[in-house]
Structure formats: structure tokens, C-alpha cells
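What follows is calculated from the coordinates using simple rules that are stated; it is not laboratory data. Note that the structure is a prediction, hence the values are computed from the model and not measured. Cβ atoms come from the backbone with ideal geometry, glycine included; neighbour counts cover every protein chain shown.
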Amino acid sequence: MICINSFCLYMEASSSLVSDCLEVVGLLCCAWRELMLRAGIDLGTNSFLLTIAELEEGDLQCVVEEKLFSVRLGEELEPDMKIKTPAWIRAMDALAYFQERLQHHNIPPTHVRAVGTSALRRASNGTAFVAEAKEKFAFEIEILAGLEEAKTSWRGALSGLALPSENAPCLIDIGGGSTEFTWSGGQEVASLQMGALKFREAYIHHDPPLPEELEQIKQHTQRLLHTLPPIPTPKPMLAVAGTATTLVAIARQIEPYDGDLVHGQLLVCEEIDRILDQLMALPLEERQTLPGLSIARADVIIPGIVILKTTLAHLGVKQILVSDRGIRYGILTPKVEPS
């Protein structure tokens with residue numbers, strides 16, 4: 001009887017020890033996972049985006065969380081080149097949400113990189129915006145120069161895409177206030193002052209837009225494209241950011257939006273033409289109900305498409321390969337300097 005009691009006490013103690021060990025192992029695994037978490041924040045002219053991902057030795061393992069806000073930081077930026085109060089408030093609200101998510105995942109400021117692009121570059125009160133954000137939030141905001149933005153977008157866009165080594169891609173990143181080009185393996189870059197939000201405010205005054213308004217956008221785009229250095233015919237033409245990803249979502253009727261289904265999709269020019277014709281026949285209220293087209297992008301998608309179409313014609317390209325990944329992935333990926 002004594003032996004049985006002793007055995008039972010031994011098993012109970014062993015079970016408790018195993019349970020304690022498993023709990024410690026679980027805590028260590030959680031702590032290790034948190035150490036691998038990194039966050040990339042892209043403060044664009046049109047949208048603010050957050051990506052939280054696991055990285056191991058610089059390689060992205062998996063995406064933990066993503067969030068997009070249509071902040072419209074560059075709304076009515078011109079002619080006085082100041083971020084307006086409503087946009088400022090929307091931006092701070094989005095950043096407050098991002099900080100809450102960072103805290104939820106226990107991500108320290110040293111594991112966060114936040115970058116601003118065209119609107120913050122151009123705005124006369126951009127530095128004041130960055131200073132206020134620094135006072136309110138644990139992370140700091142870096143304003144990327146246009147060429148650095150292009151290189152960062154290149155790193156992000158190519159992640160998760162398997163391209164043959166002999167390919168010579170060129171990347172186009174159509175933003176709200178500027179458009180970046182990257183080619184020659186990421187070594188040649190250019191940034192042009194044309195964007196979907198910028199051109200909507202400058203040229204679109206009717207709903208739906210008039211053909212002559214689109215012609216004005218086309219001509220402005222052509223003038224800027226002629227300032228580019230010679231770019232070899234891309235093989236393939238990569239496209240990143242909201243205009244391109246939305247085109248795929250509309251063409252494939254991806255609703256709700258799923259970046260995994262969009263990433264790596266091919267679109268031919270005929271599909272882009274068809275979608276533009278479809279959108280041009282609809283007033284804004286009806287465009288907002290179209291599967292694959294978010295309400296927040298319905299008013300800027302048409303000028304974005306015109307920029308894209310005009311660029312493809314300029315470069316002699318018949319199709320695009322679309323990447324769902326852009327700047328926020330590029331800032332999560334270590335820089336690789338040319339040897």
C-alpha cells in the first residue's frame with residue numbers, strides 16, 4: 001500500500017513538473033517569436049499601410065497582420081503645399097491604431113521602421129508632422145527621397161516572386177503623388193511627379209470623368225515620361241501599389257481583397273482597356289459598388305489607370321506582372337548594396 005501511495009505521489013509530482021516545463025517552453029517560444037517580429041509602416045500620399053511579419057536572419061517567414069487606412073495625406077496639398085487639418089487628423093488616428101497593434105504584439109521601437117513618401121517630401125509642414133508623430137508615438141518616421149523610395153519599392157515588390165535570372169524587369173510604382181521607376185536590377189531609378197490623387201485633383205472635374213479630362217492626364221504623363229532616361233523593354237513589366245492591385249481585383253473579381261490571390265497575377269493591356277471603359281461608364285456611386293474596387297479608391301482609380309496605360313504604351317509593353325508587395329515589404333527586407 002505504501003509503495004502504491006509513493007508511486008502516485010511520484011506520478012503527481014512528475015506530471016506537475018512536466019506541466020511546468022511545457023509552460024516554460026511555451027513562454028520561451030512566444031518570447032522568441034516576438035523577437036523575430038518586425039513591422040513596416042508606409043505613409044503614402046493616399047494610403048497608410050502596416051505590415052507585421054516574422055523575420056529570421058533577414059528572410060520574411062510569414063505575415064502576421066496587415067492593415068490599410070485611406071488617409072489621403074496629400075489631399076488638397078496644392079497650391080500652398082501644406083497638409084490640411086482633416087488629413088492631419090486622419091493620419092494621426094491611423095498612426096495611433098498602428099501603435100496599438102505594435103503594443104499588442106510586443107514589438108519594440110527598434111523593430112519598427114516607418115517611412116513617408118511624396119506627400120511628406122513635398123509638404124512645407126511635413127517636418128512638423130513628423131515631429132508631432134515623434135512626440136505621440138514610440139516609433140520615428142523617416143522621409144524617403146524619391147530615388148530611395150524607388151529602391152525600397154523594388155526590394156518589396158520582388159519578394160515572393162520567382163523570376164528567371166535572365167529576366168530584365170522594370171518596376172512601376174504609381175502612388176498618390178508620385179510615380180517611381182526601377183530597372184537594371186534595382187540600380188537605375190527615377191521618380192516623376194505624377195500620381196493618382198494628384199492628377200484627380202488637377203484634372204477630374206466631372207462624374208464620370210470626361211474623355212478630354214483623361215486626355216489631359218495622358219498628355220501630362222507623356223511629357224513627364226519623355227524626361228526619363230532610356231529604359232530597355234522590360235521583361236516583365238512589374239507593377240505595384242493600389243492602381244495595379246485594384247485592376248487585378250476587379251479583373252478576377254476578388255472580393256474581399258486578398259493580397260495572396262493578387263500577388264503574381266498577369267494582366268494584359270486588353271483587360272486594362274476593358275476595365276477603364278467599364279469605369280468610365282459609371283458615376284462614382286456606382287463605381288463604389290463594383291466587386292474588387294474599394295470605396296476609398298473609386299475616385300482615384302481612373303487617373304491611376306491612365307498613368308499606367310500611357311506608361312505601358314511609352315515603353316512598348318503589352319502586359320504587367322502585379323505585385324501586392326511594395327514599400328512596407330521593402331523596409332522589412334535588408335538592403336543589399338551592389339558589390
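For the reader, a short list of remarks on this structure follows.
- TYR203, TYR97 arranged by Cβ crowding within 10 Å, fewest neighbours leading: TYR97, TYR203
- Once the C-beta distance of ALA162 and GLU54 is scaled by a Förster radius of 25 Å, the resulting FRET efficiency is 0.75 to the nearest 0.05.
- Within the chain, helix-based [θ] at 222 nm, where runs of 4 or more DSSP H residues each add -39,500 (n - 2.57), nearest 500: -14500 deg cm²/dmol
- Helix 2-36 vs. the chain, principal-axis angle (Cα, 0 to 90°, nearest 10): 20 degrees
- The string of couplings for segment 117-134 from the Karplus curve (6.51, -1.76, 1.60, θ = phi - 60°) is 10, 4, 4, 6, 5, 8, 6, 5, 9, x, 5, 5, 4, 4, 5, 5, 4, 5 Hz, one whole number per residue in order, with x for Gly and Pro.
- Net charge of neighbours whose Cβ lies under 12 Å from the Cβ of GLY40, counting Lys and Arg as +1 and Asp and Glu as -1: +2
- In a reduced charge model with +1 at each Lys and Arg Cβ and -1 at each Asp and Glu Cβ, the chain shows a dipole moment near 640 debye about its Cα centre.
- Peptides 148-157, 114-123, ordered by how many other C-beta atoms sit within 10 Å of their residues on average, highest first, read 148-157, 114-123.
- Residue by residue, segment 42-53 carries 3J(HN,Hα) couplings of 10, 9, x, 5, 9, 10, 10, 10, 10, 10, 10, 9 Hz when phi is fed to the Karplus relation 6.51 cos²θ - 1.76 cosθ + 1.60 (θ = phi - 60°); x denotes Gly or Pro.
- Theoretical gain in end-to-end length, THR233 to ASN106 [0.36 nm per residue, Cα-Cα removed]: 41.2 nm
- In plain terms, the residue of VAL317, VAL248 with the fewest other Cβ atoms within 10 Å comes first and the most crowded comes last, giving VAL317, VAL248.
- Where only alpha carbons of segment 36-143 are counted, the Rg and the Dmax (Å): 14.0, 46
- Cα Rg, Dmax (largest Cα-Cα span) when computed across segment 129-195, Å: 14.8, 48
- FRET efficiency for MET280 and GLU135, using Cβ-Cβ distance with R0 set to 35 Å, rounded to 0.05: 0.20
- By the compact-protein rule of thumb, 2.2 N^0.38 Å, the alpha-carbon radius of gyration of segment 148-330 corresponds to a ratio of 0.96.
- Over every Cα atom in segment 139-248, the radius of gyration and the widest Cα-Cα span, Dmax, amount to 15.2, 46 Å.
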